[in-house]
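Here the structure is laid out as structure tokens; the discussion comes afterwards.
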Amino acid sequence: MSFHPRMEYAPAKFHKSERTLAEQGGDFKYTPENQAKFDENVTHYPPEQRKSAILFALYLAQGQQGYLTAAAMQHVAQQIGCTAAEVEDVVTYYTMFYRTPVGKYVINVCRTLSCALLGAERVTEELSAALGIKPGETDPTGTFTLVEVECLGACDRAPVVMVNDEWHERLAPEQSAKLIADIRTKGAAAFTGCHLNKEAQQGAGARGTGDRGKGDRT
Amino acid sequence: MDTVTLTIDGRPITVQKGKTVLQAALEAGISVPYYCYHPGISIDGSCRVCVVKIEKMPKLQTSCSTTCTDGMVVMTRDPEVVEARAGVFEFLLVNHPLDCPVCDKGGECPLQDFSYTFGPAESRMDFPRRVFDGEGVKADVDFGPTLMLNRNRCILCTRCVRFMKEIDADAQINIVDRGYGSEIATFQEQGVHTLISGNLMDVCPVGAITTRDYRFKSRPWDNPGVVDTICTLCSKGCNTSAWLKAKPEWARGSRLIRMTPRFNPDVNNYWMCDIGRFDYHWVEGETRLRRPMMRRGTALEPAAWHDVEPRLRDRIQEVVTADPTAVRFLVSAHASNEELFVVKQLVEGLLGADGIKAVSMTWTRSEKPQPAGTKFKVPATDAPNVNGARDLGYDVGQGNDGLPDLTALRTAVEGGRVKAVYVIDPGPQGSIGDVSWLIEARRNGTLPLLIVQGVVTTPLTDAADFVLPGAAYVEKDALYTNDQGRVQAASSAIAPPGEALEDWQILVNVARALGLTLPYTSSSDVRRALAAAMPGGPYADADKIGFAQPLPASSWLQASNPSERWKWDFFFQDLPPVKGHSVQTEGSAQALFIPLKPVG
Amino acid sequence: MAYQRVLTQYINEPGSYTLDSYLKHQRGYEGLRKALTLKPGEIIDQVKASGLRGRGGAGFPTGMKWQFVLKDTPKPKYICCNADESEPGTFKDHVLMERNPHLLIEGCAIGCYAIGAKVAYIYIRGEFYHVQQILEAEIEKAYKAGYLGKNIFGSGFDCDVYVHRGAGAYEAGEETALIESLEGKRAQPRIKPPFPAVAGLYQCPTAVNNVETLCNVPLIIMNGPEWFSKLGPEKNGGPKLYCISGHVKKPGVYEAAMDTTLRELIYDERFAGGMMDERPMKAVIPGGSSVPLLLPDQLDIPASFDGVQKAGSLLGSAGLIVFNDSVCAVWLAMNLLHFYRHESCGKCTPCREGTDWLLKLLMRIERGEGQPKDLDLLFGVSNNIVGKTLCAFGDAAATPVLSTMKLFRDEYEAHIRAGACTLPAPWRAKHAMAGAH
């Protein structure tokens, strides 16, 4: 493409970057439900501040196809009214957006101090051994992705792992392999959930915070 | 004007209210380094090298983001500042490759210069450097049709990101990843596609963004001359500098090596477009007209000026004698005010008092694809002097807002009523628009005489009886009136090639051959007459406008003294021109020279 | 007199998060009702009189912050509730939002009324999705009950509260970075001034307040500023949530007045109940990972903003990370620097380059490949970060290195002498894999 009335810009390619690009992906468009959700969310912000809805828009796109392709980013740019570069700028900054396909279960092991003090490093090692993958990788069946993350904000229930949006607390290293087996058989039911949240959902008698009771995992 | 007075390094300094400490220091000649700050874009405060100590403030402050207040006491040479600054330089250099010898920015690089002055003597870093796309120049990757990007050299000042967002208004450059892994990028490596992309090389304070045009072409110390001039490729009239490379007579390649913008807040600010920046190759290109040519039989053959002139006189007089209304002039709006002034006297002498009616002005327009919100709009008119023609009394119709109306001339030519056309076109190819009808009139014999005074070989010169080689915009001192009505000076940077002459000279010679006496022996003579003829307006001081001369290499080397370097950065966005702030305004544009320190 | 919990009294009750429970047990929304009968300035005066200090980490007086919010402007004003709780060792806002969300909602509404805002955004970290779901459902209920929305209590005051989900960035907890993130950009800090109170969200006057801070506001309005200021030591009044984690028997969130000592918090049965497996304590980080360590002999101080600062550390977010003598100081610094390197936004030079350099040095020392000069280098690089960065992140990142070097320099030296980690613990990675990428 030339902007010049007379002169051709150098069309030759010298050297391509080695940067890993987002997969272009097929045509992407929000489902009608997601479009409706986006249209609602955008009303939370002043009309000239649509860009505020960008994280929400990206979550919707990621929820729709599992990860963010270039086509999805372009769609979000269109929805927001910004450039695709601005979308990529945001996508690559935040850790919760994936630019490559991930497994059905993304296991985020908290590796920061409080969890590490109670064996998070060992948890990662055990999970890694059980899955046969290194942190950052997805197993060949596309079921599990193992990720090390920084503090999840549940340090009293260390070590904590977040699987997709679900939490699993107090995962001892020795129980890590069993957790994988449980996920394979029981799916999301294998997670403890957030101890607070679980009570909130079930309305059951609470243990509350501040109790290391050994047997309260189940 | 509201002012505040503060003290920097013990010196009381009074500045306009609202200025930052950094601006105040630079204005007072106190060197403070900076990277993320650029006077033309928003303040970021992220590079941290401009830190200063300010009394009553607990921590060191970034001077770029601190507004001056009355009584503020600032120290830029305090030991604490010196140490902190050196620490930041150490950080900036831990991953910056030391490939200055192969870097296009080498020799005119603020990172290089400021590091010598303010950085630590040596780095304590002993881990390998971060490498993005390979070592050395292999890391230069495509960054759009005009640019290359070297991420290893990038110090993440984000000037380019902010330039695209704020000036171009199309945020094509972003950062990918964060923290230590941050990289400058474009979406899917598509590169930067904008009409003002070349400015990114200027805003980049290191050799991360470079232009393909200047790639490996020259080094600052190969550039013996820099001439402050203006661009004439559209009606905006951006203030520019033309850079000349030192090369022996016999060496191939051009002398004109690049064009860069020169700060003028009223015209182009710190920027220029890619057309003006990159489209100068035709000036010293293969198609340049270097010798006069005359048709002998069917062939157009080179001839000497002294042979051309009498023959030209005979042919013109033949037509004029038969029917004075059968002579027409087609003049490009690339012609300067001097040239238009002489043309006017020529036609009046030749054809009588209303001879100017025989002249049709011509130019082209092209709407440039630019984002709606751009802060640097490139005008549609691809000629510099439509307003000058208007001021001198030529019919320009709607002027810069419209296209010239050549239908009357065309009808007259096609109807055989015109027997001679004299075309004057010092612009690049295509700048007088569609002239196929003229060529057709020549082919079918309707037009007996065609004289073309131009600079490049075109189908029209091929069809002419006489071809008179003129001078391009960088080859003559000349005045142009931009779309704001501002009269600006384009300076001669190089001489016209071969036997080509400056256009006013050709016109004076032709007039003399025709028996008209135009008493000009230099272009300044013409300007003097122009000034006298048009008193009271923007042309009244046309004879007093100063033209820049190429500055010789020795002065350039003096100017490369890093301690003087800040001035270039401030006024010329990291490019080291050799002269100061020579904003050209109507009437008085004497260049202000920065006093240079002798080397050693 | 035993301390009566007010923020977390009912959190262990079933359904404590519901509007019914809030109305029944906590005189729900009476603070808001009362506030709407006062002038906005009077509310600010009451908050100022209470001495409430921001619970996010800096401890800045909340009333002052609100007073600074520009009044004479045609622009809208905003409350941004900082629920990004990402400081390692901190999980109190998590509990408040999940178990007592209406207290926060009410606090947001009163805050809006006080500064003249009509909208409050609760910026919640992306990882708290389950918390967000509860919070959003309860906000919906508050709207239905007329505590939010148009013309609240017939006062003519309109207030909207929206939850804005982050997406994984510690730096979004910095107030200007939070605003940038809310505007749909990278969570990178802005230069100050202008402060958010003058030009915050969308360049409009904005107050950014922590969850726990806003939760205290309804209590102040209901019970009066005196009640609040008398709870705890002077200038450190009001209820405080402490997050205790690490090698203690009962990690968790505990509410107490700020005259409680650090020793009580760690060892008392009412709180964390002592060290796990009775192993001796090595040190405690008293205010989230960004503050200097305190040794076991420094615990007899009030866990107040001023008390901890006097002891040479900071109360910060009141996240106490306690660890025993099995912890290698070099490993600890390395673990935290991995965090800071990962979370550095990359905007300003010293932090972007410095955190990586520090981590590389610490890994080298921990691997046993360190040289004696590396200790000076660690010290030098850390000091080149401290005070040189755009936001407080730089200081926070250098603190674990400087603090461990100060207290446990012998361990660093031992690593270099021995050419290996001198204090490997069984709970650490068997292979030097974790943290190595």
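Readers should treat all values here as calculations from the given coordinates under stated rules, not as data from a laboratory. All values derive from a computational prediction rather than experimental measurement. Here the Cβ is made from the backbone with ideal geometry for all residues, glycine too, and neighbour counts use every protein chain on show.
Toward the positive end of the charge dipole of the protein assembly as shown, with +1 on the Cβ of Lys and Arg and -1 on the Cβ of Asp and Glu, the farthest Cα among C:Leu201, B:Met293, B:Ile439 is that of C:Leu201. When the label point is put 7 Å from the Cα of A:Gln24 along its Cα-to-beta-carbon vector, which residues of the stretch A:90-120 have a backbone N closer than 19 Å? Answer for this model: A:99-101.
From the helices alone, meaning DSSP H stretches of at least four residues, give me the mean residue ellipticity at 222 nm for chain C, per-run term -39500 (n - 2.57), in deg cm²/dmol to the nearest 500. That comes out to -12500 deg cm²/dmol. Simple rule: put +1 on each Lys or Arg Cβ and -1 on each Asp or Glu Cβ in the protein assembly as shown, find the dipole, and look at B:Gly393, B:Leu156, C:Ala83; the Cα lying farthest toward the positive end is C:Ala83.
Per residue of B:205-213, other chain Cβ atoms within 10 Å of the residue Cβ number 1 on average. Using θ = phi - 60° in the Karplus curve 6.51 cos²θ - 1.76 cosθ + 1.60, the 3J(HN,Hα) couplings for the stretch A:117-127 round to 4, 10, x, 4, 4, 5, 4, 4, 4, 5, 5 Hz; x is entered for Gly and Pro. Scanning residues 5 or more positions from A:Thr100 or on other chains, those with amide H under 5 Å from its amide H are A:Leu68, with H placed 1.01 Å from N in the peptide plane.
Counts of other chain beta carbons within 10 angstrom of each beta carbon in peptide C:122-130 average 6. Computed from the C-beta positions of C:Phe379 and A:Glu137, the FRET efficiency with R₀ = 45 Å rounds to 0.75. Label chain B by shape, choosing from rounded, prolate and oblate, from the square roots a ≥ b ≥ c of the eigenvalues of the Cα gyration tensor; if a/c is under 1.5 it is rounded, and otherwise prolate applies when a/b is larger than b/c, oblate when it is not. Prolate, because a/c is 1.5 or more and a/b exceeds b/c.
Annotation for B:Asp543 and B:Asp395: the two label points, set 7 Å from Cα along the Cα-Cβ direction, are 3.3 nm apart. Take the Cβ atoms of C:Asp45 and C:Lys75, set R0 to 22 Å, and the FRET efficiency comes out at 0.40.
Where Lys and Arg each count +1 and Asp and Glu each count -1, what net charge lies around C:Ile134 among other residues with Cβ under 10 Å from its Cβ? Within the 10 Å Cβ shell, the charges total -2. Simple spin-label estimate for B:Arg77 and B:Glu166 gives 3.1 nm between the two label positions (7 Å along the Cα-to-Cβ direction from each Cα). Computed on the stretch C:1-97, with alpha-carbon pairs under 8 angstrom and 6+ residues apart, the relative contact order is 16 percent. Cross-link partners of C:Lys249 among lysines, defined as those whose alpha carbon lies under 24 angstrom from its own and excluding same-chain residues fewer than eight positions apart: A:Lys198, A:Lys214, C:Lys92, C:Lys240, C:Lys282. In peptide A:78-85, how many Cβ atoms from other protein chains are near each Cβ within 10 Å, on average? Mean shielding by partner chains, rounded to a whole number: 5. What you get for the protein assembly as shown, charging only the Cβ of Lys and Arg (+1) and of Asp and Glu (-1), is a dipole of about 520 debye around the Cα centre. Could you run the Karplus curve 6.51 cos²θ - 1.76 cosθ + 1.60 with θ = phi - 60° over the stretch B:459-476 and give me ³J(HN,Hα) per residue in whole Hz, x for Gly and Pro? Per-residue couplings from phi come out as x, 6, 5, 4, 8, 7, 8, 10, 10, 10, x, x, 10, 7, 5, 8, 10, 8 Hz. Here is how the number arises for chain B: DSSP H runs of 4 or more residues each give -39500 (n - 2.57), the sum is divided by the residue count, and the result at 222 nm is -6500 deg cm²/dmol. Each of C:Ala169, C:Ala187, C:Ser155 was placed along the dipole of chain C (beta-carbon charges, centred on the mean Cα), and the one lying farthest toward the positive end is C:Ser155. Considering only alpha-carbon pairs that sit under 8 angstrom and 6 or more positions apart, the relative contact order computed for the stretch B:405-553 is 16 percent.
Placing unit charges on the Cβ atoms only, positive for Lys and Arg and negative for Asp and Glu, gives the stretch A:105-196 a dipole magnitude near 180 debye about its Cα centre. Using C-alpha pairs below 8 Å separated by at least 6 residues, the relative contact order for the stretch B:1-77 is 39 percent. Amide H to amide H, with H built 1.01 Å from N, C:Val119 comes under 5 Å of C:Ile79, C:Asp160, counting only residues 5 or more places away or on other chains. Once both labels are positioned 7 Å from their Cα atoms along Cα-to-Cβ, the gap between B:Asp307 and B:Thr411 label points is 4.2 nm. Does a label point 7 Å from the Cα of B:Glu189, set along Cα-to-beta-carbon, have any residues of the stretch A:13-46 with amide nitrogen under 14 Å, and which are they? Only A:13-24 fall inside the zone, counting backbone N under 14 Å. Of the residues C:Lys430, B:Lys368, the one with the fewest other Cβ atoms within 10 Å heads the list, and the complete ranking is C:Lys430, B:Lys368. The listed peptides B:198-208, B:70-80, C:220-230, ordered by packing as a protection proxy, come out as B:198-208, C:220-230, B:70-80 (highest mean of other Cβ atoms within 10 Å first). For the stretch C:171-178, backbone phi angles converted through the Karplus equation (6.51, -1.76, 1.60; θ = phi - 60°) give residue-by-residue couplings of 4, 4, x, 6, 4, 6, 5, 4 Hz, Gly and Pro being listed as x. Each Lys and Arg adds +1 at its Cβ and each Asp and Glu adds -1 at its Cβ; summed about the Cα centre, the stretch B:410-482 shows a dipole of about 260 debye.
Taking the centroid of alpha carbons for each part, the stretch A:97-170 and the stretch B:455-481 are 72 Å apart. Each peptide among B:400-411, C:49-60 gets the average number of other Cβ atoms lying within 10 Å of its residues, and from highest to lowest they stand as C:49-60, B:400-411.
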